[in-house]
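Here's the structure, in structure tokens; my notes come after.
The values are calculated or read from the model by the stated rules, or taken from the named source; none is laboratory data. Keep in mind that what you see is a predicted model, and the values were worked out from it rather than measured. Neighbour counts are summed over all protein chains in view; Cβ atoms, including those assigned to glycine, are modelled from backbone coordinates with ideal geometry. Remember, those area values only see protein heavy atoms, side chains included, never the ligands or the DNA or RNA. Shrake-Rupley method; radii C 1.70, N 1.55, O 1.52, S 1.80 Å.
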There are 2 protein chains.
Amino acid sequence: MKLDLKLTLVSLAVGVLGFATTVASAQDPLLSWNDGPAKQAILEFVKATTTQGGPQFVPAEERIATFDQDGTLWVEHPMYTQVMYCLEKVPALVKAKPELANVAPFNTVLELLHGDRAAMEKLTLPDIEKIAIATLTGMSVETFQAEVKQWLADAKHPRWKKPYTELTYLPMQEVLKYLRANGYKTYIVTGGGQDFVRVYAEQTYGIPPEQVVGTALGTKYGYAKDGKPFLTKEPKLVLNDNDAGKPEGIHLMIGRRPHIAFGNSTGDQQMLEYTKAGDGARLSLLVLHDDAEREYAYGPAQGLPETKVGTFTQPLYEEARSRGWTVVSMKHDWKEIFPRSLGRAIK
Amino acid sequence: MKLDLKLTLVSLAVGVLGFATTVASAQDPLLSWNDGPAKQAILEFVKATTTQGGPQFVPAEERIATFDQDGTLWVEHPMYTQVMYCLEKVPALVKAKPELANVAPFNTVLELLHGDRAAMEKLTLPDIEKIAIATLTGMSVETFQAEVKQWLADAKHPRWKKPYTELTYLPMQEVLKYLRANGYKTYIVTGGGQDFVRVYAEQTYGIPPEQVVGTALGTKYGYAKDGKPFLTKEPKLVLNDNDAGKPEGIHLMIGRRPHIAFGNSTGDQQMLEYTKAGDGARLSLLVLHDDAEREYAYGPAQGLPETKVGTFTQPLYEEARSRGWTVVSMKHDWKEIFPRSLGRAIK
């Protein structure tokens with residue numbers, strides 16, 4: 001009888017605790033964020049812009065949110081995922097065109113893929129562009145989509161040994177869902193290839209192809225032998241969606257100025273300026289990679305290590321401070337970085 | 001007493017008729033369409049693609065519908081509305097740059113606007129392009145939007161003496177609403193200027209700016225003297241959204257193939273081919289302007305008069321027949337053409 005009573009009390013306590021946890025989950029849409037100015041800025045902004053009759057209310061149709069992808073929504077180090085795709089497609093390219101095996105930069109990539117990591121240093125930006133053109137164009141849109149899908153299913157990140165699409169940031173996934181639950185249309189605005197990101201954005205982020213703005217090459221309409229029309233990917237740059245290209249791309253593809261924009265590098269500077277310069281409530285944020293233990297640390301802002309991949313300079317940091325943008329510290333603002341399913345120890 | 005009874009019977013009859021009309025409205029989403037193969041094709045297509053578990057079911061996220069604008073959603077004769085805009089902006093242009101008053105083609109436009117209708121014949125396509133560049137670029141995006149809005153409020157169509165935005169086709173407005181009510185995302189895919197159409201598309205068609213794909217000029221990001229960033233409209237063609245440019249533009253801006261597409265001229269040919277060539281249920285339709293009395297008659301398909309504005313050739317008509325597209329006769333398929341608010345006699 002006494003034992004029973006104890007059990008009952010324990011059950012009750014567990015029940016109450018369970019209930020309390022559920023209530024907390026329901027109330028806090030940003031569970032993996034630590035309390036602090038960044039989390040507070042997001043919560044207050046959403047509340048202000050969705051409070052009907054409030055001074056900062058934004059009508060539902062104007063609620064546009066734009067997100068850089070590499071380094072903002074998922075891991076970009078040691079190298080952008082799409083560059084890894086282009087490099088790893090080189091063997092198939094050389095198999096189809098054997099004459100390329102001894103031609104730079106393709107021979108350099110083959111050395112690199114055979115384990116000569118120092119070969120990476122030899123690749124210049126024009127080399128990367130040459131490899132990109134060779135691996136991203138000349139096929140039909142459908143063939144390209146199928147190849148990217150297959151690669152994403154097979155490829156693994158060198159550090160976590162997991163598919164790239166599992167290396168998205170949980171706190172940012174929460175922000176995407178939270179904004180959508182509050183009537184915001186969420187867009188990716190990436191320097192990466194528009195066609196590449198569209199292959200997985202819907203499944204990975206809940207963002208449909210038509211809400212992915214990226215660096216875009218042209219396509220060419222033509223007919224197959226049976227008369228069936230198709231589009232071929234062409235080596236013609238239509239939109240360079242970096243730097244000033246981001247606001248220009250937003251105008252081209254969306255036609256409205258965002259009310260909230262998230263980035264992490266100098267390539268996002270103009271998008272954040274453009275967003276913040278609009279009338280009414282606007283929020284610009286930058287993710288600072290300052291967590292070498294759980295992810296990576298690079299800047300060189302705030303004395304962090306230099307990098308060519310996702311550079312966050314000290315002048316950008318100063319501009320953020322002077323223009324009232326929010327800087328998100330991965331180390332301090334994010335309680336967790338990856339979903340638990342990734343199997344890493346959660347702090 | 002007899003009179004009262006009669007009145008009562010009349011009241012009852014009116015009541016019943018009124019009720020019957022209401023029921024018909026609720027059941028028929030295409031009230032201004034006559035029964036026939038075109039109306040039937042639209043109704044059957046929507047039913048087939050939205051019947052869960054059916055063989056032609058299309059998931060909600062893939063329900064993309066694209067509509068040409070000029071001649072498909074609104075009147076394009078005697079001249080495309082945006083060309084009228086460009087011509088009517090010339091006096092303001094000449095006021096700002098008086099040296100243009102005696103320079104072709106601007107002097108020709110001034111003659112034209114002063115009533116010399118024959119001057120229109122002198123304008124070549126390169127002339128129109130020169131006038132377009134002069135009146136559509138060189139200002140900020142916001143200035144352009146304000147100027148278009150003002151012009152639309154003032155300008156009148158020469159035949160109906162009504163604002164252009166009132167000259168949309170009621171049957172097509174019904175199709176837009178019907179598709180949206182069935183989970184379709186409706187897009188305009190126009191040879192007209194993307195920035196121009198975006199100014200009024202939301203109010204006129206319920207289509208937001210981000211769902212308007214059109215011929216697009218580039219913009220250039222820069223800063224005002226006070227440091228505020230803004231976009232300037234540039235004379236740089238990014239997308240020529242005509243002919244093959246339509247499927248190319250759809251891939252660039254939407255990234256999915258439409259399941260239903262509506263056009264009315266050779267400029268829509270490739271969009272309709274591309275749509276119909278997709279897997280599963282696809283519907284391509286062409287509006288034929290064969291009603292000189294209620295609107296205009298032009299082809300030259302089916303022996304209709306020739307035109308340079310919205311040409312519908314006989315080969316296009318033959319292609320429609322051979323590929324299983326639906327040709328909509330304005331004369332026979334449309335019970336009404338304009339909303340009653342236009343004040344015209346309704347047949």
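Among the residues of region B:182-195, count how many are over 17 Å from B:Thr72 (Cα atoms) and within 12 Å of another protein chain (Cβ to nearest Cβ).
2
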Worksheet item: Within the group B:Leu252, B:Leu179, which residue is open to solvent by less than 30 Å² (accessible area, probe 1.4 Å), over 14 Å from the mean Cα position of the chain (by Cα), farther than 19 Å from B:Val148 by Cβ and within 7 Å of another protein chain (Cβ to nearest Cβ)?
Response: B:Leu252
Worksheet item: Tally time: how many residues in region A:219-233 are among the aliphatic types (A, V, I, L, M) and within 18 Å of B:Leu239 (Cα to Cα)?
Response: 1
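Does B:Met172 fit the bill of being in contact (Cβ under 8 Å) with a residue 60 or more places away in the chain, in contact with a Leu (Cβ under 9 Å, 6 or more places away or on another chain) and not hydroxyl-bearing (Ser, Thr, Tyr)?
Values: in contact (Cβ under 8 Å) with a residue 60 or more places away in the chain: yes; in contact with a Leu (Cβ under 9 Å, 6 or more places away or on another chain): yes; not hydroxyl-bearing (Ser, Thr, Tyr): yes.
Yes.
For region A:320-330, indicate whether the set of residues that are within 22 Å of A:Gly36 (Cβ to Cβ), in contact (Cβ under 8 Å) with a residue 24 or more places away in the chain and surrounded by fewer than 14 Cβ atoms within 10 Å (Cβ to Cβ) is non-empty.
Scanning region A:320-330 turns up at least one residue that is within 22 Å of A:Gly36 (Cβ to Cβ), in contact (Cβ under 8 Å) with a residue 24 or more places away in the chain and surrounded by fewer than 14 Cβ atoms within 10 Å (Cβ to Cβ).
Quick check on this structure: which one of A:Leu239, A:Leu272, A:Leu286 is in contact with a Ser or Thr (Cβ under 8 Å, 6 or more places away or on another chain) and more than 26 Å from A:Val46 (Cα to Cα)?
A:Leu239
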Fill in: Within region B:127-146, tally of residues that are open to solvent by 20 Å² or more (accessible area, probe 1.4 Å) and farther than 17 Å from B:Val197 by Cβ
10
Discussion item. Being open to solvent by 10 Å² or more (accessible area, probe 1.4 Å) and assigned to a helix (DSSP H, G or I) is the filter here; which residues of region B:275-305 pass it?
Written reply: B:Lys276, B:Gln302, B:Gly303
Practice prompt. Just give me the residues in region B:93-110 being more than 21 Å from B:Lys308 (Cα to Cα) and surrounded by 15 or more Cβ atoms within 10 Å (Cβ to Cβ), in sequence order.
Written response: B:Leu93, B:Val94, B:Leu100, B:Phe106, B:Asn107, B:Leu110
Practice prompt. Give A:Gly227, A:Gly324 a once-over and let me know the one that is over 30 Å from B:Leu252 (Cα atoms) and within 14 Å of chain B (Cβ to nearest Cβ).
Written response: A:Gly324
Discussion item. Give me the residue from region B:230-248 that is more than 10 Å from every other protein chain (Cβ to nearest Cβ) and under 23 Å from the mean Cα position of the chain (by Cα) and, out of that set, most open to solvent (accessible area, probe 1.4 Å).
Written reply: B:Leu237
Practice prompt. Could you grab the pairs with beta carbons closer than 8 Å, sequence gap of 6+ or different chains, first residue in region A:224-241 and without any contact (Cβ under 8 Å) to a residue 24 or more places away in the chain, second one part of a loop (DSSP other than H, G, I, E, B)?
Written response: A:Lys228/B:Ala277; A:Pro229/B:Ala277
Item to complete: Say whether the condition of being within 23 Å of A:Leu217 (Cβ to Cβ), of a type in the set (Gly, Ala, Ser), surrounded by 21 or more Cβ atoms within 10 Å (Cβ to Cβ) and at the interface with chain A (Cβ under 7 Å from one of its Cβ atoms) is met by at least one residue in region B:205-214.
Response: no
Worksheet item: Hey, does region B:154-167 have a residue that's under 30 Å from B:Val46 (Cα atoms) and open to solvent by 20 Å² or more (accessible area, probe 1.4 Å)?
Response: yes
Worksheet, complete the sentence: Those residues of region A:116-169 that are more than 23 Å from the chain's Cα centre (by Cα), among the aliphatic types (A, V, I, L, M), in a helix (DSSP H, G or I) and at pLDDT below 95 come to a total of 2
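Quick one: would you say A:Asn264 is among the polar types (S, T, N, Q), more than 10 Å from chain B (Cβ to nearest Cβ), touching a residue at least 24 places away in the same chain (Cβ under 8 Å) and surrounded by fewer than 23 Cβ atoms within 10 Å (Cβ to Cβ)?
Values: among the polar types (S, T, N, Q): yes; more than 10 Å from chain B (Cβ to nearest Cβ): yes; touching a residue at least 24 places away in the same chain (Cβ under 8 Å): yes; surrounded by fewer than 23 Cβ atoms within 10 Å (Cβ to Cβ): no.
Answer is no for this residue.
Within region A:50-61, can one find any residue that is among the β-branched types (Val, Ile, Thr) and modelled with pLDDT under 95?
Taking region A:50-61 as the starting set, the residues that turn out to be among the β-branched types (Val, Ile, Thr) are A:50-51, A:58.
Filter once more, keeping what is modelled with pLDDT under 95: none.
No.
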